[in-house]
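The next block holds one structure in the form of structure tokens; read it before the comments.
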């Protein structure tokens, strides 16, 4: 049984973190495939909110500087990443490479998450 999905951005939260990410993104020195999936250049995508409602699983999205110690240990240097929590344990569901090929598509993310969750059950 899945307790929650935890998506971790490859960016820090807060004003300074957001500005650093935007500047780095514009300069091509940083990227975050999960950011591209969940957000348009201005705000969170409506499609994202609809997908989260459809999944029926609690989804948390966090920036690197918002993680607790246990979450940070599970992420390591792998952000962006999507983890799944089962029985109190965090494990990878989709890594950065898997997120990158989704090319910012919420619908492709939905398919990838559902497939990955189905594989956990096997």
Residue hits (segment 72-97; free of Cβ contacts under 8 Å to residues at least 60 places away in the same chain and out of contact with any strand residue (DSSP E or B) (no Cβ under 8 Å at 6 or more places or on another chain)) are 72, 73, 76, 77, 89, 97
Filtering segment 1-36 down to residues that are at pLDDT 90 or above and assigned to a helix (DSSP H, G or I) yields 33, 34, 35, 36
Which of the following residues is crowded, with 16+ Cβ neighbours inside 10 Å, over 25 Å from residue 117 (Cβ atoms), touching a helix residue (DSSP H, G or I) at 6+ places or on another chain (Cβ under 9 Å) and touching a residue at least 12 places away in the same chain (Cβ under 8 Å): 7, 17? 17
Filter segment 67-95 for residues that are part of a helix (DSSP H, G or I) and touching a helix residue (DSSP H, G or I) at 6+ places or on another chain (Cβ under 9 Å); which is surrounded by the fewest Cβ atoms within 10 Å (Cβ to Cβ)? 72
Matching residues in segment 96-116 - criterion: being exposed (fewer than 14 other Cβ atoms within 10 Å of the Cβ) and assigned to a loop (DSSP other than H, G, I, E, B): 101, 103
How about segment 14-53: which of its residues are under 15 Å from residue 64 (Cα atoms) and touching a strand residue (DSSP E or B) at 6+ places or on another chain (Cβ under 8 Å)? 34
Subset of segment 37-54, residues loosely packed, with under 15 Cβ neighbours inside 10 Å and modelled with pLDDT under 95, comes to 40, 41, 42, 43, 44
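The values are calculated or read from the model by the stated rules, or taken from the named source; none is laboratory data. Everything quoted here is computed from the prediction, not taken from an experiment. Reconstructed Cβ throughout: ideal geometry from the backbone, glycine too, with neighbour counts over all protein chains shown.
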